[in-house]
Amino acid sequence: MSHPLARWPVVRQLLGSDRAGAREAVRTARTDAVEPRTARADRVVASVCPFCAVGCGQRVYVQDGRVTHVEGDPDSPISRGRLCPRGSSTRDMVAGPARATKVRYRRPYGTEWEDLDLDTAMGMIADRLLDARARHWQATDAEGRRLDRTLAFGTLGGAALDNEENYLIKKLFTALGAIQIENQARI
């Protein structure tokens with residue numbers, strides 16, 4: 001087939017021996033050059049989707065230390081290789097252009113945001129938490145019964161946290177005297 005139309009796969013399919021269009025009739029230089037997105041990965045890391053408590057398995061493809069692709073793990077007994085739309089967007093969480101990479105802070109009554117380093121921001125949070133605890137601590141109630149609590153703060157855990165993380169958060173906030181401790185997974 002040297003006719004100029006023979007470059008078109010449908011013509012090769014109709015005039016050649018590959019009537020089903022499953023082999024050579026549909027091959028072009030462009031399709032021969034196509035490779036899977038995952039072909040150039042240095043390594044594949046087994047992971048778990050971070051978005052909810054289902055725990056779907058993921059395969060994370062890494063090239064030059066950067067996440068290049070995320071797909072469902074077919075070996076996962078939970079998701080069997082499937083991901084919901086949110087799970088499919090996991091790569092954007094770590095490598096997307098809209099990902100927040102700095103701590104942004106706006107002072108009380110301020111109109112401008114400023115960047116803080118993580119240690120400064122964590123120190124500010126710890127100072128405020130301990131200050132609120134000290135100012136609002138309730139050792140006893142009006143009748144002298146022991147309370148040892150504060151109502152000044154609480155915590156709302158996320159569904160993407162695993163059991164161990166939720167356990168540690170519960171223990172931390174209980175030790176601080178908080179009684180408003182909840183997890184978003186139950187809401």
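Any residue at all in segment 40-51 that's surrounded by fewer than 11 Cβ atoms within 10 Å (Cβ to Cβ) and either in contact with an Asp or Glu (Cβ under 6 Å, 6 or more places away or on another chain) or within 27 Å of Glu164 (Cβ to Cβ) (or both)?
Yes, because at least one residue in segment 40-51 is surrounded by fewer than 11 Cβ atoms within 10 Å (Cβ to Cβ) and either in contact with an Asp or Glu (Cβ under 6 Å, 6 or more places away or on another chain) or within 27 Å of Glu164 (Cβ to Cβ) (or both).
Of the residues Asp117, Asp64, which single one is at positive phi and either out of contact with any His (no Cβ under 6 Å at 6 or more places or on another chain) or of a type in the set (Val, Ile, Thr) (or both)? If you could, list the steps in order and put the result at the bottom.
Numbers: Asp117 fails: at positive phi.
Selected residue: Asp64, the only one of Asp117, Asp64 that is at positive phi and either out of contact with any His (no Cβ under 6 Å at 6 or more places or on another chain) or of a type in the set (Val, Ile, Thr) (or both).
May I ask you to list the residues in segment 101-146 that are outside any strand (DSSP E or B), of a type in the set (Val, Ile, Thr) and closer than 16 Å to Ala178 by Cα?
If the condition is that a residue be outside any strand (DSSP E or B), of a type in the set (Val, Ile, Thr) and closer than 16 Å to Ala178 by Cα, then Ile125 is the only one that fits.
What do you reckon, is Thr68 of a type outside the set (A, V, I, L, M), over 28 Å from Asn166 (Cβ atoms) and assigned to a loop (DSSP other than H, G, I, E, B)?
No.
Residues are listed down the side, and each one gets a yes or a no for (1) in the same structural domain as Ala53 (by TED's automatic domain parsing); (2) of a type in the set (Val, Ile, Thr):
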{"site": "Asp75", "(1), (2)": "yes, no"}
{"site": "Ile78", "(1), (2)": "yes, yes"}
{"site": "Gly81", "(1), (2)": "yes, no"}
{"site": "Arg86", "(1), (2)": "yes, no"}
{"site": "Tyr109", "(1), (2)": "no, no"}
{"site": "Leu118", "(1), (2)": "no, no"}
{"site": "Met124", "(1), (2)": "no, no"}
{"site": "Leu130", "(1), (2)": "no, no"}
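If Gly65 passes every condition in (1) at pLDDT below 90; (2) closer than 26 Å to Gln184 by Cβ but one, which one does it miss?
Every condition holds for Gly65 apart from (2).
Say we look at segment 94-114 and pick out the residues that are loosely packed, with under 10 Cβ neighbours inside 10 Å and of a type in the set (Val, Ile, Thr); which of these is nearest to the chain's Cα centre (by Cα)?
As a first pass, look at segment 94-114 and keep what is loosely packed, with under 10 Cβ neighbours inside 10 Å: 97-101, 107-112.
Next cut, of a type in the set (Val, Ile, Thr) only: 101, 111.
Working: Thr101: 14, Thr111: 31 Å.
The qualifying residue nearest to the chain's Cα centre (by Cα) is Thr101.
For Arg91, work out the one condition from (1) in a helix (DSSP H, G or I); (2) surrounded by fewer than 16 Cβ atoms within 10 Å (Cβ to Cβ); (3) within 14 Å of the chain's Cα centre (by Cα); (4) not small (Gly, Ala, Ser) it doesn't fulfil.
Evaluating Arg91 over (1) in a helix (DSSP H, G or I); (2) surrounded by fewer than 16 Cβ atoms within 10 Å (Cβ to Cβ); (3) within 14 Å of the chain's Cα centre (by Cα); (4) not small (Gly, Ala, Ser) leaves (2) as the failure.
Identify the single condition in (1) surrounded by 15 or more Cβ atoms within 10 Å (Cβ to Cβ); (2) at pLDDT below 90; (3) part of a strand (DSSP E or B) that Leu156 does not satisfy, given that it satisfies every other one.
Checking Leu156 against (1) surrounded by 15 or more Cβ atoms within 10 Å (Cβ to Cβ); (2) at pLDDT below 90; (3) part of a strand (DSSP E or B), the one that fails is (1).
Among Leu172, Leu176, which is the only one that is under 30 Å from Val48 (Cα atoms) and surrounded by 12 or more Cβ atoms within 10 Å (Cβ to Cβ)?
Checking each option against the conditions leaves just Leu172.
The values are calculated or read from the model by the stated rules, or taken from the named source; none is laboratory data. Quick caveat: nothing in here was measured; it's all calculated off a predicted structure. Cβ sites come from the backbone with ideal geometry, for glycine too, and all protein chains shown count toward neighbours.
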